[in-house]
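The values are calculated or read from the model by the stated rules, or taken from the named source; none is laboratory data. Just so we're clear, the structure is a prediction, and the values are computed from it rather than from any experiment. All Cβ positions, even for glycine, are placed from backbone atoms using ideal geometry, and neighbour counts span all protein chains on display.
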């Protein structure tokens, strides 16, 4: 029976006034009854655009949702893992509103799309809580020569997906991670209240059980080179998935002042060290999902009195997940739209404010995007003792030698389907190739790379 309600089944959540005082997960997840009720909203339409047009890895969405309606949650999980390596992660942090849910036919004509992300999360959580013992005893596939070794550089979503698939194929895999903790952006970049670290640890523990070897504190270009991995250390292939975690700075006067920090650094300290600066008036410059993570973390600083997002365009152009913005505002964050930063105001070397100017928007260019244009004589100052730059990141491939990089941004140039780089035996995927994108996009690249590496080593 189909549930014809135009409204989604509401997921239980922490109250805003409670959650902005803690780092516990905001969304509490569906109960089995709620999951079945929401799954029954799926029309099982013939063309299933949620899967074919919306999902970067083409998850079998109608099929796994059908299994939920039957109450067969474990089989729903097995359907998902045919195409995705990280359902518990993707169900929480993927921008479903742009992907699967954005293409759901239930979202047309005034209705709300099926809550595909929430259902994916429910299935993954149910499996983790109810099927752990069975999973431990499950044998990995071994169709390849287990004596061949593959090096994986980085431990974010692209690398974890690639390593997992290669382990299932029987290869010996070593992950080289420059930090002293695994998980990449999943660990240092996404707050606990959106993605509990237990979820990431569970994925990594699964790789450990399959026999992955892990080398922490090992950065390419410092402790080893690509040449050494292939020629000295006996690896048959290398996958580079080192992400794009190097921050882009504002480039305005005064940015060297104390109290001006990059969002990546701010989030890393909060996530890895439970350390946040003491500040009362906090500004986050930017309008993407990293800005949302940063502002919501900032709102949880005990000393915080006012947290403001400064964004050069209007709400219509803001790229952040609308749900994340809504939750940030519920938690007390304010937004100053059409506001551009001009300079950091400082006293005794410490930030005390952000000089801004009002912006207007130009007519759309050929891509349809409207550019911010300064309004003359509109400068003003917002008081701030902490200013967080959240205007983007790029890859740091300064230690990558021997393969072709893009001239402007330094991204690795690789085939989008096979992930092959300009050098035989070296593959690359995820943000280090494309620039910052979604978790599932990076994961998809890792899976494509694993397939291509297997074909390369099977010749």
Every residue from the range 72-102 that is free of Cβ contacts under 8 Å to residues at least 12 places away in the same chain and closer than 22 Å to residue 183 by Cβ: 81
Count of the range 373-395 residues which are in contact with a strand residue (DSSP E or B) (Cβ under 7 Å, 6 or more places away or on another chain) and modelled with pLDDT under 95: 3
Residues (buried (at least 22 other Cβ atoms within 10 Å of the Cβ) and in a loop (DSSP other than H, G, I, E, B)) located in the range 49-80: 55, 59
Among the candidates 222, 218, 209, residue that is in contact with a strand residue (DSSP E or B) (Cβ under 7 Å, 6 or more places away or on another chain) and either modelled with pLDDT under 95 or under 25 Å from residue 421 (Cα atoms) (or both): 218
Only listed residue being surrounded by fewer than 15 Cβ atoms within 10 Å (Cβ to Cβ) and modelled with pLDDT under 95, chosen from 362, 422: 362
All positions within the range 290-309 that are over 21 Å from residue 22 (Cβ atoms) and surrounded by fewer than 24 Cβ atoms within 10 Å (Cβ to Cβ): 308
Any chance residue 343 is in contact with a strand residue (DSSP E or B) (Cβ under 6 Å, 6 or more places away or on another chain), farther than 20 Å from residue 18 by Cβ, surrounded by 20 or more Cβ atoms within 10 Å (Cβ to Cβ) and in contact (Cβ under 8 Å) with a residue 60 or more places away in the chain: no
Residues of the range 432-452 satisfying the condition of being at pLDDT below 95 and touching a strand residue (DSSP E or B) at 6+ places or on another chain (Cβ under 8 Å): 435, 436
Among (1) closer than 29 Å to residue 294 by Cα; (2) at pLDDT 95 or above; (3) touching a strand residue (DSSP E or B) at 6+ places or on another chain (Cβ under 6 Å), the one test that residue 429 misses: (3)
Residue pairs meeting the criteria (Cβ under 7 Å; at least 6 apart or on separate chains; first outside the structural domain of residue 355 (by TED's automatic domain parsing), in the range 374-397; second surrounded by fewer than 14 Cβ atoms within 10 Å (Cβ to Cβ) and in a strand (DSSP E or B)): none
Matching option when the condition is in contact with a helix residue (DSSP H, G or I) (Cβ under 7 Å, 6 or more places away or on another chain), in a helix (DSSP H, G or I) and at pLDDT below 95, among 121, 128: 128
Condition check for residue 9: closer than 22 Å to residue 125 by Cα, touching a residue at least 60 places away in the same chain (Cβ under 8 Å) and surrounded by fewer than 23 Cβ atoms within 10 Å (Cβ to Cβ): yes
Test for residue 377: is it surrounded by fewer than 16 Cβ atoms within 10 Å (Cβ to Cβ) and outside any loop (DSSP other than H, G, I, E, B): yes
